[in-house]
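The structure appears below as structure tokens.
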Amino acid sequence: MTETISDLIGNRFAQKTDTGKDRPAEGTHAQQLRHRSRRRYKDTPVPQEVLDILYACALSAPAKSDLQQVSIIQFDDADLREKVTDLIPSMPWIKQAPVFLLFCGDGRRVRRVCEMRGTDFAHEPLDAFMNAAADAAIVMMNFIVAAEAEGLGCCPISAVREVTDEIAELAGLPEGVFPFAGLCVGHPADDPAISVRLPISLTVHRNKYDDSRLATEIDSYDTRRAQTNPYSKQREPDRFGSKQNYGWSDDKARQTANRERADFSTYIRRNGFDI
């Protein structure tokens, strides 16, 4: 029986649906529905020409007001790659991946353009930061879509913001440029399970925001997700105790009960974004 878009949506959300039942599972929609983060890679190198094509695709993304506030650092130097891995030892796939990129929000370039043309950059600081961060995020996602169309696998690394100063120094980031996320890229050597997402009924709202069914939907989602993406261990059982049915909501509630990446906000304030 031919696989359909409906089948892929059902796999992604662990819920049966008729949406897309008449469409074969092919093309961009199928690729996106099959997306998985890849953390194991073959030794096969990625040619620079392929990367250059992917950069062109990525940078074709929408940009806020055409300001194009993003920069990408391609780490080629083996010593630099080793130092990045040493900074984030819990993620050995950074070293294993044939390509490691750093996507950055770049608020420096437009400020320099203002100086070149005799004006002052006067955008509100928080909005200016948000615009640069959004540009970096959109470009990175565009890169991932393009890379997967090439048969490559990717794994975003937000943990670079846990070592912001160190990463910024390794990448030579000047004032106004900040690390948004790293990205491992290579030919995948694993086949992980699809990560089941929150139901569309919980995340897509019509006309106005409505989370009146949040508790019911989350309980149901926890149950469905546990069948495909069970947790192998529970976070901080000494602090929060152990649960028989430990689900996504338990894990995320515990994860966000800790303050993380305070140094990132310090870096941002120190480097041209007075938020």
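We did not get these values from a lab; they are worked out from the coordinates using the rules stated. What you are looking at is a predicted structure, and each value in this text was computed from that prediction instead of being measured. Quick reminder, even Gly has a Cβ in these numbers, built from the backbone with ideal geometry, and neighbours come from all protein chains shown.
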Protection-proxy order for peptides 96-102, 200-206, each taking the mean of Cβ atoms within 10 Å per residue, highest first
96-102, 200-206
Based on alpha-carbon centroids, what's the gap between the range 42-103 and the range 203-260 in Å, whole number please?
31
What's the exposure ranking of Glu217, Glu175, going from fewest to most Cβ atoms within 10 Å?
Glu175, Glu217
Those cysteines in the chain that have no second cysteine Cβ within a distance under 4.7 Å are Cys57, Cys104, Cys114, Cys154
Cut-off under 19 Å on the C-alpha distance; same-chain residues fewer than 8 positions from Lys21 excluded. Which lysines are left, in chain and number order?
none
Global geometry of the range 147-204, whether rounded, prolate or oblate, following the gyration tensor of its Cα atoms and the 1.5 cut on a/c:
oblate
Pulled fully out, how much extra length does the chain show between Arg259 and Gln227, if you take 0.36 nm times their separation in residues and subtract their Cα-Cα distance?
8.5 nm
Between their Cα atoms, which of Lys16/Lys208; Lys16/Lys252; Lys83/Lys243; Lys95/Lys252; Lys208/Lys252 are more than 29 Å away from each other?
Lys83/Lys243
Lys and Arg at +1, Asp and Glu at -1: neighbours of Thr4 with Cβ under 15 Å from its Cβ sum to 0
First select every other residue whose beta carbon is under 14 angstrom from the beta carbon of Lys16; then total the charges, Lys and Arg +1, Asp and Glu -1.
+1
Work through the residues other than Pro199 whose Cβ is under 9 Å from its Cβ and net out their charges, Lys, Arg +1 and Asp, Glu -1.
+1
